[in-house]
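Structure in structure tokens, see below.
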Amino acid sequence: MIIRKGKPCHRILMDNPIYKPDFVPLPPEMPENVMVINSLYEANACLRKLMRMISETKNNSNCLSEYNQIVVYGDCIEAYSCIAALLELGISPNNIAFVEPFPPEDNTAMRVNCFNNETVDERVQASVEKLGVRVYRRCYFQGWSQKEIRVEFLRLMTPMHVIHLPCFALFYYGIKAIDLNAFKAINECGLVYDGGLVVGPWFDTNDPYVYGAGPCVKYSRRLYAPHQVHKYYCSEDVGEALARLFLRKLDPFMTGRAELDPVTSELMQRYSSCLLSCRNSHASVTSTPRTSASLSKMRWQPVMKFESPIVQSATLPGPLHYMKLRAPGRAVPAAVSLLLPDQGHTLITDKRQNYFSLQINALHCIESITCLSWKQFSCETLTQLYGKHEAYFNNLLGRYKMNLIDDLYEYFTQTWTAALYQEPFSVLLNDIYKQGGNTVYDVVKTKYNEFYGDRKTDDKSIHETLSEAPEGVAQLDTGCKECGQNEALRHDAGTFWKAVGGDGIVYSLLSRYLNKNIVTNPQYAIPDQEFI
């Protein structure tokens, strides 16, 4: 830095009352034509601002045209949804430019497209190019040139060139970071910040009156849970867990009992790790609050785990209707997950360019769903499939392997599946489990331990056993190649189910369920009176 004579550095003495050692400067004013969207409210406000800018500059030299386009920057699903919204607003595709910063500049980041599916990515990219949207690939934002309160053009960097792109308006979906005002509030209040607001296992911060939850928080390093932060789980589950915690603190029947543990057993059983399934491990009631505090410091406290799936739905350029449902936690690249052992089965249909991919795990339960269709479908209905066994859907896996299902969209919208999507269906499953499920669960658990538990055999003995067995029997013992299930285990479980009359239990309960709900849903079949 060059300092001219007579102009000393701008400094504030430490004895000055306005001196702040950890003061964060105010954020610079955002140009008028730069849109940063983080919520539905901001999206509506930015679109109204854009339409006002187009009407004001309609007859000016800086009007919206093919040489002064609306730029959408980002490599995420939100960027493609923004393009679809602009097209639906009536803006010509020739006036839209899409800048895709893929692959990421960080060499350590995973180079996986935002859909985590090559088929979906190819079709979306083809749809964008077919519409006539100008696409700049492998371009990275370096800065802009601003005139008064608006940005004139963007500076983009490619591996070989520098691009100066005229800009009428910019929709930025680049780096996701914490808002500067939020950082100022956290830092100036004395809260711990380490890439996010540092919280404990029960949403608590270093201030006993401040709690934090959501994608902006980070667990303390002493918990060793960097891959279990809230941004990898369903926000509704996180909010419900925090609400239950506050309800216990604000309940007038609990506020005077400080010695009780702050988390109820119900909360721990539903949201926390299975390591705390023992009731005595976290339900201690001591005589004094001091003893309870000392015990909480001594015992290990794992972070909460949430079970609801992650659901993403969007309207993409085309328009294409997209939905992705997967298990909670960090996303694993599809190419990597398919190489892991015992990954189950992948069911794919692609009739009339309506792509439907369904992943069944090793226990034959539906684990993930990917949909891309030209026609609309019900995301709420398909979300109900998660976690259910494929046998619920009329032996889905067997019918698929027999080539009896050519379109999963039509299969899951048939009238007989209506009962599975209703809320009272979970009550029916609980009734079946109480009357006959415990016995079946015990026999299956016993047989599973018999085949896969304490019995240890080396590869040589297994090979000799299979070679000596008759043809066909060895195939039954080897089990399914995709998920590793054993045919003998399924045979024994099915035999026992028939012996205890499991079909009769299910028929009677299902008939009562249909008879009770047939008035509200006329699509239900009329049950036989002998089973009611």
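The values are calculated or read from the model by the stated rules, or taken from the named source; none is laboratory data. Predicted model, so just to flag it, every value in this text is computed and none were measured. As a convention, Cβ positions derive from the backbone with ideal geometry for all residues, glycine included, and neighbour counts pool all protein chains shown. Ligands, DNA and RNA are excluded from the accessible area calculation, which covers all protein heavy atoms including side chains. Shrake-Rupley method; radii C 1.70, N 1.55, O 1.52, S 1.80 Å.
Would it be correct to say that PRO226 is open to solvent by less than 90 Å² (accessible area, probe 1.4 Å), in a loop (DSSP other than H, G, I, E, B) and at pLDDT 50 or above? Spell out the reasoning first.
On the way: open to solvent by less than 90 Å² (accessible area, probe 1.4 Å): yes; in a loop (DSSP other than H, G, I, E, B): yes; at pLDDT 50 or above: yes.
Taking the combined requirement at face value, the residue satisfies it.
Here are ALA327, ALA241: which of them is touching an Asp or Glu at 6+ places or on another chain (Cβ under 6 Å), modelled with pLDDT of 85 or more, closer than 30 Å to GLU78 by Cα and not acidic (Asp, Glu)? Walk me through how you get there before you give the answer.
Working: ALA241 fails: touching an Asp or Glu at 6+ places or on another chain (Cβ under 6 Å).
Result of the check over ALA327, ALA241: ALA327.
Let me ask something additional. Kindly list the number of the only condition in (1) open to solvent by less than 90 Å² (accessible area, probe 1.4 Å); (2) at pLDDT 90 or above; (3) under 23 Å from SER313 (Cβ atoms) that fails for VAL71.
Going through (1) open to solvent by less than 90 Å² (accessible area, probe 1.4 Å); (2) at pLDDT 90 or above; (3) under 23 Å from SER313 (Cβ atoms) one by one, VAL71 breaks only (3).
Moving on to the next point. Check the range 354-362 and report whether any residue there is modelled with pLDDT under 90, farther than 17 Å from PHE115 by Cα and part of a loop (DSSP other than H, G, I, E, B).
Just the residues of the range 354-362 that are modelled with pLDDT under 90, to begin with: 361-362.
Checking which are farther than 17 Å from PHE115 by Cα leaves us with 361-362.
The next check asks that each one be part of a loop (DSSP other than H, G, I, E, B); those that pass are 361-362.
Scanning the range 354-362, I find at least one residue that is modelled with pLDDT under 90, farther than 17 Å from PHE115 by Cα and part of a loop (DSSP other than H, G, I, E, B), so the answer is yes.
Here is a further query. Within the range 212-223, track down each residue that is open to solvent by 30 Å² or more (accessible area, probe 1.4 Å), closer than 10 Å to VAL199 by Cα and touching a helix residue (DSSP H, G or I) at 6+ places or on another chain (Cβ under 7 Å).
ALA213, the sole residue that qualifies.
Here is a further query. HIS164 passes all but one of (1) free of Cβ contacts under 8 Å to residues at least 24 places away in the same chain; (2) out of contact with any strand residue (DSSP E or B) (no Cβ under 9 Å at 6 or more places or on another chain); (3) open to solvent by 80 Å² or more (accessible area, probe 1.4 Å); which number fails?
(2)
Residues that are free of Cβ contacts under 8 Å to residues at least 24 places away in the same chain, open to solvent by 60 Å² or more (accessible area, probe 1.4 Å) and touching a Ser or Thr at 6+ places or on another chain (Cβ under 8 Å), at least 1 per element: which strands (runs of 3 or more DSSP E) completely within the range 104-161 meet that?
On the way: elements: 134-137, 140-147, 150-157.
Result: 150-157.
Quick one: in the range 330-344, of everything that is open to solvent by 60 Å² or more (accessible area, probe 1.4 Å) and farther than 22 Å from ALA109 by Cβ, which residue is modelled with the lowest pLDDT?
First, the residues of the range 330-344 that are open to solvent by 60 Å² or more (accessible area, probe 1.4 Å): 330, 332, 335-336, 338-342.
Next, only the ones that are farther than 22 Å from ALA109 by Cβ stay: 341-342.
Values: PRO341: 80, ASP342: 77.
Once the filter is applied, the top-ranked residue is ASP342.
Select from the range 373-416 the residues that are within 21 Å of ASP350 (Cβ to Cβ), not hydrophobic (A, V, I, L, M, F, W, C) and not in a loop (DSSP other than H, G, I, E, B) and list them in ascending order. Steps first, answer last, please.
Of the residues in the range 373-416, the ones within 21 Å of ASP350 (Cβ to Cβ) are 373-379, 381-382, 385, 390, 393, 396-414.
Imposing the further condition that a residue be not hydrophobic (A, V, I, L, M, F, W, C) reduces the set to 373, 375-376, 378, 381, 390, 398-401, 403, 406-407, 409-411, 413-414.
Result: SER373, THR381, GLU390, GLY398, ARG399, TYR400, LYS401, TYR409, GLU410, TYR411.
Moving to a separate point now. Show the residue pairs that are 6+ apart or on different chains and have beta-carbon atoms under 8 Å apart, the first residue being within the range 57-80 and among the β-branched types (Val, Ile, Thr), the second being modelled with pLDDT under 90 and open to solvent by 20 Å² or more (accessible area, probe 1.4 Å).
Taking only residues 6 or more apart or on different chains, the pairs are THR57/CYS63; THR57/LEU64; ILE70/LEU64.
Same structure, new question: Every residue in the range 167-186 that is surrounded by 14 or more Cβ atoms within 10 Å (Cβ to Cβ) and in contact (Cβ under 8 Å) with a residue 24 or more places away in the chain, please. Before you say what the answer is, go through the steps one by one.
Step one: list which residues in the range 167-186 are surrounded by 14 or more Cβ atoms within 10 Å (Cβ to Cβ), which gives 167-174, 178, 183-184, 186.
Passing the criteria: CYS167, PHE168, ALA169, LEU170, PHE171, TYR172, TYR173, GLY174, ILE178, PHE183, LYS184.
State yes or no: is ILE96 open to solvent by less than 20 Å² (accessible area, probe 1.4 Å) and either farther than 20 Å from LEU156 by Cα or among the polar types (S, T, N, Q) (or both)?
no
Conditions: (1) surrounded by 14 or more Cβ atoms within 10 Å (Cβ to Cβ); (2) farther than 18 Å from ASN116 by Cα; (3) over 17 Å from the mean Cα position of the chain (by Cα). LEU347 meets all but one. Number of the miss?
(2)
Could you please find all residues in the range 156-215 being basic (Lys, Arg) and over 30 Å from PHE98 (Cα atoms)? Explain how you work it out, then say what you get.
The first filter runs over the range 156-215 and keeps only residues basic (Lys, Arg), leaving 176, 184.
Residue satisfying the conditions is LYS184 alone.
Hey, CYS82 hits all of (1) under 14 Å from LEU316 (Cβ atoms); (2) surrounded by fewer than 15 Cβ atoms within 10 Å (Cβ to Cβ) but one; which does it fall short on?
All conditions pass for CYS82, except number (2).
Could I ask something else about it? Do we have LEU408 as over 18 Å from the mean Cα position of the chain (by Cα), more than 23 Å from PRO328 (Cα to Cα) and touching a residue at least 12 places away in the same chain (Cβ under 8 Å) here? Explain how you work it out, then say what you get.
Numbers: over 18 Å from the mean Cα position of the chain (by Cα): yes; more than 23 Å from PRO328 (Cα to Cα): yes; touching a residue at least 12 places away in the same chain (Cβ under 8 Å): yes.
It is true that LEU408 is over 18 Å from the mean Cα position of the chain (by Cα), more than 23 Å from PRO328 (Cα to Cα) and touching a residue at least 12 places away in the same chain (Cβ under 8 Å).
Let me ask another. Which pairs turn up if I take residues in the range 489-513 that are outside any helix (DSSP H, G or I) and look for partners that are exposed (fewer than 15 other Cβ atoms within 10 Å of the Cβ) with beta carbon separation below 8 Å, at least 6 apart in sequence or on another chain?
Filtered contacts from the range 489-513: VAL500/THR439.
How about the range 354-398: which of its residues are in contact with a strand residue (DSSP E or B) (Cβ under 8 Å, 6 or more places away or on another chain), under 17 Å from GLU410 (Cα atoms) and of a type in the set (S, T, N, Q)?
The answer is ASN354, SER357, THR370, SER373, GLN376, THR383.
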